[in-house]
Amino acid sequence: MKRKWNISIAAVAALLGVAHLAAAQAPYPSRPIRFLIGFPPGGTNDILARALAPKLSDYLGQTVVIENRGGASTAIATELAARSAPDGYTIVLNAPAHATNPALMKLPFDPVRDFAFITLLAESQNLLVVHPSLPVNSVKALITISNQRPGEINYGSSGMGTTPHLSAELFQYMTGTKWVHIPYKGSGLGLTALLAGEISLYFANVPAVIRYVQAGRLRPIALSGTKRTLAAPGIPTVAESGLPGFAVTSWFGVAAPAKTPRPIVDRLHSEIVRALNTPDLRERMQAMGADPGGITPEEYTAFVQNEIVKWGKVIKAAGIRGE
């Protein structure tokens with residue numbers, strides 16, 4: 001009787017082992033994929049991710065589920081991704097804060113070694129907008145009123161070290177003006193405050209703010225990049241408005257936890273690029289003021305590394321400190 005019991009245990013163990021092996025060898029993906037976003041809903045990160053997710057779901061044959069984990073300038077979502085299993089079922093949207101955070105705060109993860117970078121999703125720029133109550137319609141007029149009211153004008157950002165924050169800091173540095181920084185946990189919350197008149201101005205990512213400009217609810221002043229955007233060709237850049245050399249751009253990419261198998265990284269890269277090359281998504285992104293990406297994992301890794309070095313130098317030179 002005892003021998004039969006031992007054989008039964010062995011048989012069950014063998015069956016469990018076979019089941020485990022079969023699960024491990026199941027074709028990827030075999031269940032939903034979590035897509036972490038480091039900001040609350042409503043901002044450019046969220047808008048781009050939700051534009052990509054349906055196509056990616058179709059191509060992968062599994063639902064890509066958006067999960068907003070805002071806070072700490074994307075560091076909360078990024079840490080969660082870094083600590084997730086490297087199995088392709090967790091990906092995260094990177095933004096410039098991924099490159100600026102190392103110079104602003106002590107991170108519980110390594111911004112390069114703890115990730116398998118997949119591709120650059122899109123590049124964009126910021127649009128300096130003001131609440132209608134602020135009587136300015138140009139960079140020159142904004143500089144004038146800012147010098148007349150030093151330390152009185154509030155500006156918002158989506159957090160320390162984000163491009164809306166750095167754009168405003170660079171503007172003040174180049175013009176000698178002085179504003180008061182009000183950081184929010186995402187551009188959606190910051191733009192809500194701007195629309196309500198709680199703050200006066202904001203360097204917002206174009207995809208997040210263009211609809212409010214088109215509706216006449218916010219007044220556009222100038223773009224932060226080096227060229228005008230197809231989304232609003234009549235709006236000049238800050239550089240051509242009297243501050244030559246001013247240039248700040250935004251970028252958005254996708255990464256997985258480090259040690260994610262290369263075949264899975266390649267599959268994700270292939271399907272994301274496939275989605276970005278569809279005419280409807282490209283047109284939708286360009287209409288929002290975002291230029292579609294699609295570079296290789298190696299190119300994106302080098303891009304992120306260069307961004308970390310570049311912004312680290314800028315933050316140190318400008319004396320910007322984390323809060």
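Brief remarks on what is shown
- In segment 64-113, the residues that are in a loop (DSSP other than H, G, I, E, B), touching a residue at least 60 places away in the same chain (Cβ under 8 Å), under 26 Å from residue 157 (Cβ atoms) and out of contact with any His (no Cβ under 8 Å at 6 or more places or on another chain): 70, 71, 95, 96, 105, 112
- Whether a residue is out of contact with any Asp or Glu (no Cβ under 6 Å at 6 or more places or on another chain), surrounded by fewer than 16 Cβ atoms within 10 Å (Cβ to Cβ) and of a type in the set (Gly, Ala, Ser) was assessed, and residue 88 does not pass this test.
- Any hit, segment 218-232, residues being within 25 Å of residue 36 (Cβ to Cβ), modelled with pLDDT of 95 or more and among the β-branched types (Val, Ile, Thr): no
- Search result, residues across segment 143-178 that are outside any strand (DSSP E or B), open to solvent by less than 10 Å² (accessible area, probe 1.4 Å), over 19 Å from residue 307 (Cα atoms) and of a type outside the set (Ser, Thr, Tyr): 153, 171
- Test result for residue 321, farther than 30 Å from residue 142 by Cα and open to solvent by 20 Å² or more (accessible area, probe 1.4 Å): no
- Count of segment 63-74 residues which are modelled with pLDDT of 95 or more, of a type in the set (A, V, I, L, M, F, W, C) and surrounded by 18 or more Cβ atoms within 10 Å (Cβ to Cβ): 1
- Residue tally, condition in a helix (DSSP H, G or I) and touching a helix residue (DSSP H, G or I) at 6+ places or on another chain (Cβ under 8 Å), over segment 179-196: 5
- For segment 180-200, a residue qualifies if it is open to solvent by less than 10 Å² (accessible area, probe 1.4 Å) and more than 20 Å from residue 46 (Cβ to Cβ), and exactly one does: 199.
- Options 120, 56: the member that is part of a strand (DSSP E or B) and touching a residue at least 40 places away in the same chain (Cβ under 8 Å): 120
- Test result for residue 230, crowded, with 16+ Cβ neighbours inside 10 Å and touching a helix residue (DSSP H, G or I) at 6+ places or on another chain (Cβ under 9 Å): no
- Pick from segment 264-295, criterion over 24 Å from residue 225 (Cβ atoms) and β-branched (Val, Ile, Thr), ranking: surrounded by the most Cβ atoms within 10 Å (Cβ to Cβ): 265
- Counted residues, segment 37-96 - those being of a type in the set (Ser, Thr, Tyr) and touching a Pro at 6+ places or on another chain (Cβ under 6 Å): 3
- Filtered residue count, segment 284-323, keeping only those that are modelled with pLDDT of 95 or more and charged (D, E, K, R): 2
- Residues of segment 27-50 satisfying the condition of being open to solvent by less than 50 Å² (accessible area, probe 1.4 Å), part of a loop (DSSP other than H, G, I, E, B) and small (Gly, Ala, Ser): 38, 42, 43
- Picking from residues in segment 51-62 that are in contact with a Lys or Arg (Cβ under 9 Å, 6 or more places away or on another chain) and open to solvent by 40 Å² or more (accessible area, probe 1.4 Å), the one that is nearest to residue 121 (Cα to Cα) is 55.
The values are calculated or read from the model by the stated rules, or taken from the named source; none is laboratory data. Because the structure is predicted, anything quoted here is derived from the model rather than measured. Quick reminder, even Gly has a Cβ in these numbers, built from the backbone with ideal geometry, and neighbours come from all protein chains shown. The accessibility values were calculated without ligands, DNA or RNA, using every heavy atom of the protein model including side chains. Shrake-Rupley method; radii C 1.70, N 1.55, O 1.52, S 1.80 Å.
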